[in-house]
Amino acid sequence: MTLSGSRSSMKPSLKIIVALLLSLTLALYASSETTFPDRPVTLLIGFNPGGSTDIQARALAEVLTDELGQPVTLLHQPGAGGGIAAAMLASSPEQGYVIMFGTSLPFTFTPLTSPASYDFSSFRYIGALALDQSAIVSGGQQPYKSWQEFLEYARAQGEITVASQTPQDRFIINLISRREQLPFRIVPTTGGSGMAPLVLSGDVDFAFSGGTHTQYTDSGDMRVLISLVDGRLAEYPDAPTLTELGYNASLQNPRVAVVPANTPDDQVEVLSAALEAATRDQRFITATENVRLPVIFYDEATLNELFTQQIAEYRWLIQEYSE
């Protein structure tokens, strides 16, 4: 009787032990299923600090820090109009933990014009947050106030000096040079922070600007001569487009968030939702309005369709106006 009673008294204890082991196993399994992101995120910028992309990125990093629940810090890797940063991103093993923010041209244009360690398929384009307002600008001290006045001035001067930020804008410069039969001397710069001093000092006659000019036009220190996007610029409706001037080209260029191609769908979904939330956050809206860009949101499917069309157009521009 005693032995039987002893065995009977052990049964509840064995059940408890089994239940505890099962609970521990489930807890360990659950702990291995971490929620993305579970560590800090890097926002990669392909230009120097101080330009319009940097101004937006600083506000975006603040919003994403709140939305993702992890610190988001900026890393600047200037060069080749964002191409150096794009190459770094393409080779990154960090998937959704490194996000590049900036213009779309390093992804849609650069691989078509120069040897690159990446191509369009090396990335996922998880969201566009603003439309670039690319323009040809001049200094406020220059004697011309319109493109027609500039052309008259240029023909009287001979050689003209131009500040270029990207391989892409150089094709536009080549197109204008050939059409107008004007010799242009190109001065390479790295982003708007490098372009602005040259324009403000009068060291160049005109320059490409992706948006930095918006900080200087109210004071009259810079003038917008041409819109480089598909339509007239919202803030500068008097500036004609390239197409209106007969050049038949554009650099329509949304500012996008991009991750490596192997980033999993679940990470992309989290990041895309956070980016869309940023376009409704007053901090990002204010920063974007300060550089006079329209706030938008395009999802991954919309961007893939847009970029496929643009790449075909860029191939034509490259074929016709290579140096």
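The values are calculated or read from the model by the stated rules, or taken from the named source; none is laboratory data. Source: prediction; values computed, not measured. Methodologically, a virtual Cβ is constructed for each residue, glycine included, from the backbone with ideal geometry; neighbour enumeration extends over all protein chains shown.
Condition check for Q282 on (1) of a type outside the set (A, V, I, L, M); (2) over 17 Å from A130 (Cβ atoms); (3) loosely packed, with under 15 Cβ neighbours inside 10 Å: one failure, at (2).
For the range 209-231, which residues satisfy the criterion of being outside any loop (DSSP other than H, G, I, E, B) and modelled with pLDDT of 95 or more? Of everything in the range 209-231, those that are outside any loop (DSSP other than H, G, I, E, B) and modelled with pLDDT of 95 or more turn out to be M222, R223, V224, L225, I226, S227. If the condition is being out of contact with any Ser or Thr (no Cβ under 7 Å at 6 or more places or on another chain) and either at pLDDT 95 or above or among the β-branched types (V, I, T) (or both), then the range 127-143 contributes A128, I136, S138, G139, G140, Q141, Q142, P143.
Matching residues to (1) among the aromatic types (F, W, Y); (2) at positive phi; (3) in contact (Cβ under 8 Å) with a residue 12 or more places away in the chain:
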site	(1), (2), (3)
G246	no, yes, yes
R255	no, no, yes
V258	no, no, yes
A261	no, no, yes
A274	no, no, yes
A277	no, no, yes
T286	no, no, yes
Q319	no, no, no
S322	no, no, yes
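Tell me which helices (runs of 4 or more DSSP H) are completely within the range 68-113 and hold 1 or more residues being without any contact (Cβ under 8 Å) to a residue 60 or more places away in the chain and of a type outside the set (S, T, Y), or say none if there are none.
On the way: elements: 83-90, 105-108, 110-113.
Hits in the range 68-113: 83-90, 110-113.
Among the residues of the range 120-156, just one is without any contact (Cβ under 8 Å) to a residue 12 or more places away in the chain and polar (S, T, N, Q), namely Q148.
Across the range 117-152, the qualifying residues are those that are in contact with a Pro (Cβ under 6 Å, 6 or more places away or on another chain) and not acidic (D, E), and the one among them that is surrounded by the fewest Cβ atoms within 10 Å (Cβ to Cβ) is L131. Within the range 132-177, the residues that satisfy the criterion of being in a helix (DSSP H, G or I) and small (G, A, S) are A154, A156, S177.
Kindly indicate whether A130 is small (G, A, S) and either within 27 Å of R292 (Cβ to Cβ) or under 22 Å from the mean Cα position of the chain (by Cα) (or both). Steps first, answer last, please.
Numbers: small (G, A, S): yes; either within 27 Å of R292 (Cβ to Cβ) or under 22 Å from the mean Cα position of the chain (by Cα) (or both): yes.
For A130, the condition - small (G, A, S) and either within 27 Å of R292 (Cβ to Cβ) or under 22 Å from the mean Cα position of the chain (by Cα) (or both) - is met.
Considering the range 157-179, the residues that are under 22 Å from L200 (Cα atoms) and more than 26 Å from the chain's Cα centre (by Cα) include one that is surrounded by the fewest Cβ atoms within 10 Å (Cβ to Cβ), namely G158.
Out of T288, T263, one residue alone is of a type in the set (S, T, Y), farther than 16 Å from S121 by Cα and surrounded by 17 or more Cβ atoms within 10 Å (Cβ to Cβ). It is T288. Inside the range 178-187, residues that are part of a helix (DSSP H, G or I) and without any contact (Cβ under 8 Å) to a residue 60 or more places away in the chain make up a count of 1. Taking the numbered list (1) of a type in the set (A, V, I, L, M); (2) more than 23 Å from T288 (Cβ to Cβ); (3) out of contact with any helix residue (DSSP H, G or I) (no Cβ under 9 Å at 6 or more places or on another chain) in turn, V204 passes all entries but (3).
Taking every residue in the range 188-199 that is over 7 Å from Q165 (Cβ atoms) and free of Cβ contacts under 8 Å to residues at least 60 places away in the same chain and pairing it with any residue that is crowded, with 18+ Cβ neighbours inside 10 Å and small (G, A, S), at least 6 positions away or on another chain, the pairs with Cβ-Cβ distances below 7 Å are P188/S164; L198/A163; L198/A207.
Of the numbered conditions (1) in the same structural domain as V295 (by TED's automatic domain parsing); (2) assigned to a helix (DSSP H, G or I), G194 satisfies every one except a single condition; which is it? If we test G194 against (1) in the same structural domain as V295 (by TED's automatic domain parsing); (2) assigned to a helix (DSSP H, G or I), just (1) comes out false.
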